[in-house]
Amino acid sequence: MSLTAKGSRTLREGVIGAVLFACAAASTLVTIGVVLVLLRETLTFFAEVSLVDFLTDTRWEPMFQDQHFGVMPLLSGSLMVAVGAGVIALPVGLMTAIFLSEYSSSRLRRALKPMLEVLAGIPTVVYGYFALTFITPILRIVFPGTDIFNAASASIVVGVMIIPTVASLSEDALRAVPDSLREGAYGLGATKLEVSTTVVVPAALSGIIASFILAISRAIGETMAVTIAAGNLANLTLNPLESIQTMTAYIVSASLGDTPQGTIAYQTLFAVAMTLFLITLAMNVLSQWVLSRFREEYQ
Amino acid sequence: MSVHAPLGTGETAFDRRRRIKGKVFAWMCGAATLVGVAALAILLVDVLIDGLPRLDLAFLNSFASRFPERAGVKAALAGSIWILGLTAVISFPISVAAAIYLEEYAPKGWITKAIQTNIANLAGVPSIVYGILGLALFVRALGLERSVISGALTLSLLIMPVIIMASQEAIRAVPGTIREAAYGLGATRWQVVRHQVLPMAMPGVLTGTILALSRAVGETAPLIMVGAVGFLAFTPSGLTDQFTVLPLQIYSWISRPQDEFRQLAAAGIIVLLALLLTMNAVAIILRNRAQMGR
């Protein structure tokens with residue numbers, strides 16, 4: 001091979017390597033972009049509203065004459081939906097994972113898993129429709145006096161939505177537990193229930209907990225289903241049958257209305273989004289930490 | 001007295017209780033699995049009952065209207081297809097390039113680890129936050145206004161982490177012996193990637209891309225943020241045109257209290273699910289073909 005051909009080959013390789021690196025590094029620009037955009041307007045917002053008011057005021061009324069900027073009603077709305085969804089999805093998802101990993105035949109699993117994937121792939125706006133036209137009417141029959149828009153309906157539908165997250169991540173963790181552990185327990189005379197709950201689940205606990213945290217974080221970030229089903233009334237309450245507003249629903253409703261750039265209403269969008277971003281980021285980091293810190297390594 | 005019965009004398013009360021407890025637990029787990037499946041079935045039946053009577057060719061070929069009997073999804077369907085195509089064109093090459101870098105080129109070090117962690121975290125950022133980014137960056141700062149291209153760029157940012165991670169997995173599954181053989185014949189790193197690794201990883205990469213794109217097609221919230229509208233009487237003809245998409249059209253119909261609009265929403269959902277189902281079917285065919293080729 002001539003020297004120049006070799007030189008141009010090295011040059012080409014170098015250019016390709018640089019382009020590929022640029023594409024990978026661009027992902028960090030996205031994060032920086034998100035942080036900068038949120039930070040800029042949030043800082044302007046906190047120049048006018050004190051952080052203490054934001055965190056302690058119990059009313060969220062940015063559009064009224066007498067403005068209140070307490071994020072608590074929105075935060076409690078998001079948490080209520082997330083807790084309700086978790087109560088449904090964590091046990092159901094974990095038991096689904098145990099069934100798929102420990103009990104079902106491989107043929108049955110091959111039939112069931114695609115259904116869970118479809119469930120995970122259904123757009124959230126469809127879940128919103130389902131909550132409003134199917135779940136809410138049932139709730140209103142069972143509990144007369146339930147608001148048309150209510151937290152319970154949103155919780156149920158978000159719970160269904162995150163079942164696949166819990167089930168599939170937990171199942172991966174359960175299946176990663178080596179068979180020798182199961183066989184050892186069976187050899188000591190344990191039943192399948194005892195093997196599943198006292199050997200396999202504890203061995204896979206880091207993965208299971210990580211899946212729980214991720215699923216709850218998804219529930220907090222969920223937008224359309226809660227906007228449609230839970231309503232748009234910032235309401236500090238513990239009653240799930242009342243209309244509430246989550247952080248995500250506020251962002252949608254405020255951006256649907258007229259919010260010109262530079263106004264305080266526009267800045268609330270970013271302040272709330274920043275709160276949401278920090279909460280979900282913390283939960284995602286926590287779930288990765290649980291995975292790496294408490295992982296049981298099996299060879 | 002022994003807790004275990006001697007052979008042939010039947011079981012003790014203790015064993016019997018354990019056996020029954022095991023049975024009950026097995027049934028409970030089976031029932032839990034059915035919750036997801038049943039929810040899916042009820043949801044689909046509910047939508048089909050509400051929407052099928054309203055679904056016909058005129059529905060696909062009419063614009064939104066104040067009169068429910070004349071309304072259709074023409075603008076929304078066209079908008080969704082525009083968004084699908086543009087998002088694919090923008091996100092696919094960058095994501096695959098990033099995945100190739102991380103799997104085949106990246107040196108082991110803190111930079112690579114930071115990029116990898118960052119991508120995993122981006123995948124967990126709520127979609128509405130991407131909407132805020134799109135609003136501030138594309139719509140306002142870059143002056144792209146409420147256009148198809150703003151929407152497609154925003155959704156590209158949203159799904160790129162998903163495509164990157166799926167592509168990495170597909171590339172990792174290519175056996176190392178293939179690379180070593182090609183290097184042994186004197187191929188450069190790029191030649192190995194271009195002619196050996198990528199062709200073998202492609203079915204997995206495409207499956208991951210299609211699944212990510214179907215997520216983009218179902219997204220509503222980020223597009224509300226970048227200003228897609230629920231009521232539009234034309235289809236986009238260029239990158240800077242206003243647009244609407246199926247999920248947004250459905251949302252705007254759901255928001256109306258009249259039953260006729262609820263029916264329209266259900267019919268729109270059927271169209272959206274049919275589009276997603278087609279995309280998923282393509283992904284499954286690709287996956288099966290890849291598995292047969294091995």
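The values are calculated or read from the model by the stated rules, or taken from the named source; none is laboratory data. The structure displayed is predicted, hence computed values, not measured ones. Cβ coordinates were reconstructed from backbone atoms using ideal geometry, including for glycine residues, and neighbour counts include every protein chain displayed.
Residue count for segment A:247-299 under the criterion of being of a type in the set (V, I, T) and within 14 Å of the chain's Cα centre (by Cα): the result is 4. Inspect segment A:100-112 for any residue being touching a helix residue (DSSP H, G or I) at 6+ places or on another chain (Cβ under 9 Å), closer than 18 Å to B:C29 by Cβ and not in a helix (DSSP H, G or I) and give the result as yes or no. So far as segment A:100-112 goes, yes, one or more of its residues are touching a helix residue (DSSP H, G or I) at 6+ places or on another chain (Cβ under 9 Å), closer than 18 Å to B:C29 by Cβ and not in a helix (DSSP H, G or I).
Given the criteria in the same structural domain as A:M247 (by TED's automatic domain parsing), at negative phi and among the β-branched types (V, I, T), does A:I98 qualify? For A:I98, the condition - in the same structural domain as A:M247 (by TED's automatic domain parsing), at negative phi and among the β-branched types (V, I, T) - is met.
When B:A120, B:A187, B:A173, B:A141 are checked against the criterion of being surrounded by fewer than 18 Cβ atoms within 10 Å (Cβ to Cβ), modelled with pLDDT under 95 and within 22 Å of A:I251 (Cα to Cα), a single residue qualifies: B:A141. Report yes if some residue within segment B:179-191 is among the aromatic types (F, W, Y), in contact with an Asp or Glu (Cβ under 9 Å, 6 or more places away or on another chain) and within 23 Å of A:F21 (Cβ to Cβ); otherwise report no. Yes - at least one qualifying residue is present in segment B:179-191. Which members of segment B:28-86 meet the condition of being within 22 Å of A:T133 (Cβ to Cβ) and among the basic types (K, R)? Across segment B:28-86, the qualifying residues are B:R54, B:R66.
Of the residues making up segment B:122-162, those that are at the interface with chain A (Cβ under 9 Å from one of its Cβ atoms) and either over 17 Å from the mean Cα position of the chain (by Cα) or of a type in the set (D, E, K, R) (or both) number 8. The condition of being within 12 Å of chain B (Cβ to nearest Cβ) and either in contact (Cβ under 8 Å) with a residue 60 or more places away in the chain or not aliphatic (A, V, I, L, M) (or both) holds for only one of A:A230, A:A219, A:A176, A:A234, that being A:A219.
The C-beta contact set for segment A:246-275 (first residue at the interface with chain B (Cβ under 7 Å from one of its Cβ atoms), second residue not in a helix (DSSP H, G or I), distance under 8 angstrom, 6+ apart or interchain) comprises A:T248/A:E222; A:T248/A:T223; A:T248/B:P126; A:I251/A:T223; A:V252/A:T223; A:L269/A:T259. Residues in segment B:194-241 that are surrounded by 20 or more Cβ atoms within 10 Å (Cβ to Cβ) and hydroxyl-bearing (S, T, Y) were compared, and the one that is nearest to B:P93 (Cα to Cα) is B:T209.
Could you pull out the residue among A:L174, A:L188, A:L139 that is more than 30 Å from the chain's Cα centre (by Cα) and assigned by TED's automatic domain parsing to the domain that holds A:Y103?
Working: A:L174 fails: more than 30 Å from the chain's Cα centre (by Cα); A:L139 fails: more than 30 Å from the chain's Cα centre (by Cα).
Step by step, each of A:L174, A:L188, A:L139 is checked, and only A:L188 is more than 30 Å from the chain's Cα centre (by Cα) and assigned by TED's automatic domain parsing to the domain that holds A:Y103.
The single condition among (1) touching a His at 6+ places or on another chain (Cβ under 9 Å); (2) surrounded by 20 or more Cβ atoms within 10 Å (Cβ to Cβ); (3) of a type in the set (S, T, N, Q) that B:T12 does not meet is (2).
In this entry, B:I111 passes the filter for residues that are assigned to a helix (DSSP H, G or I), out of contact with any helix residue (DSSP H, G or I) (no Cβ under 8 Å at 6 or more places or on another chain), at negative phi and free of Cβ contacts under 8 Å to residues at least 40 places away in the same chain. Looking across A:G17, A:G33, one residue alone is within 7 Å of another protein chain (Cβ to nearest Cβ), under 18 Å from B:T112 (Cα atoms) and surrounded by 14 or more Cβ atoms within 10 Å (Cβ to Cβ). It is A:G17. Say whether the condition of being in a helix (DSSP H, G or I), facing chain A (nearest Cβ under 8 Å) and acidic (D, E) is met by at least one residue in segment B:49-65. Yes: one or more hits. Once segment A:73-104 is narrowed to residues that are hydroxyl-bearing (S, T, Y) and within 12 Å of another protein chain (Cβ to nearest Cβ), the residue that is nearest to A:G221 (Cα to Cα) is A:S78. Would it be correct to say that A:G184 is within 12 Å of another protein chain (Cβ to nearest Cβ) and more than 20 Å from B:S252 (Cα to Cα)? So A:G184 fails the test.
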